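Colleague: This structure is in structure tokens; I'll ask about it shortly.
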Amino acid sequence: DAALIGWSRKPEVELTQIELLQKLTAMGVSVLFLDYNEAKAFGQRMQIDVWWRGQDENAELMLMLAHIVSRSAAWQDATIRVVRVLEKEEARQGVEAHIAQLLQTARVEAEPVIIIESDLEHSFQAVFKRATCHSDLVFLGLPSFEGGAFADRSRFLRDLLGQAPSTVLVRSAEVKNILDTEAHGPP
């Protein structure tokens, strides 16, 4: 199950949205928040980016959603990119292999994009802005808001989305790999 909800950029609504996110995921419902960029709309509908941190199950859901969007008539010429930011070049080969395996398992055609940024803590927003300047739709995993740091994470998201194309924020409620056909039966 999944719920698609519009993302509000009003700080006074953020807490309500995050509380709803936590309640829905606790009930096993994946949550998608659409932050629609009214100025850019969906651009030329040529590039879909899936941003993945490599730490959670959001990638599988985001990849499936990007694939579904790319199969619609309006997006039929779009390419999908799986974007991963790393701090060290040494990790590139392993991450590329991991992404290739993910794409093979999902049977999705996409271009892996690895960005090396050694000072990621201070420059993720700059990297994101640079990498998405030609993107028409972005899928971005939502972090867990458990254990505090709500204000910092909310401010970070607000700043990030302020410069982004239309973006779907994704929080998968799945605790297992949703692409595992052995566990879930045939697609």
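The values are calculated or read from the model by the stated rules, or taken from the named source; none is laboratory data. Only a predicted model underlies this, so the values are computations on that prediction, with no experimental measurement involved. Don't worry about glycine lacking a Cβ; one is built from the backbone with ideal geometry, like all the others, and counts go over all protein chains shown. The area values use the complete protein model at the heavy-atom level, side chains included, leaving out ligands, DNA and RNA. Shrake-Rupley method; radii C 1.70, N 1.55, O 1.52, S 1.80 Å.
Colleague: Rounded to the nearest 0.05, what FRET efficiency is calculated for Gln76 and Leu20 with R0 set to 35 Å and r the Cβ-Cβ distance?
Modeller: E(calc), rounded to 0.05, equals 0.55.
Colleague: Largest first, how would Val13, Val29, Val50 line up by accessible area (1.4 Å probe)?
Modeller: Result of the area sort, largest leading: Val13, Val29, Val50.
Colleague: Hand me the tally of lysine pairs in the chain: alpha carbons under 29 angstrom apart, and the pair either on different chains or 8 or more positions apart.
Modeller: For the chain, the number of qualifying lysine pairs is 7.
Colleague: Considering just Cα atoms, how many Å³ per residue does the convex hull of the chain enclose?
Modeller: Spelled out: Cα convex hull of the chain, divided by residues, is 126 Å³.
Colleague: Go ahead and run the numbers for FRET between Gln104 and Met46, Cβ-Cβ distance against an R0 of 30 Å, rounding to 0.05.
Modeller: 0.80
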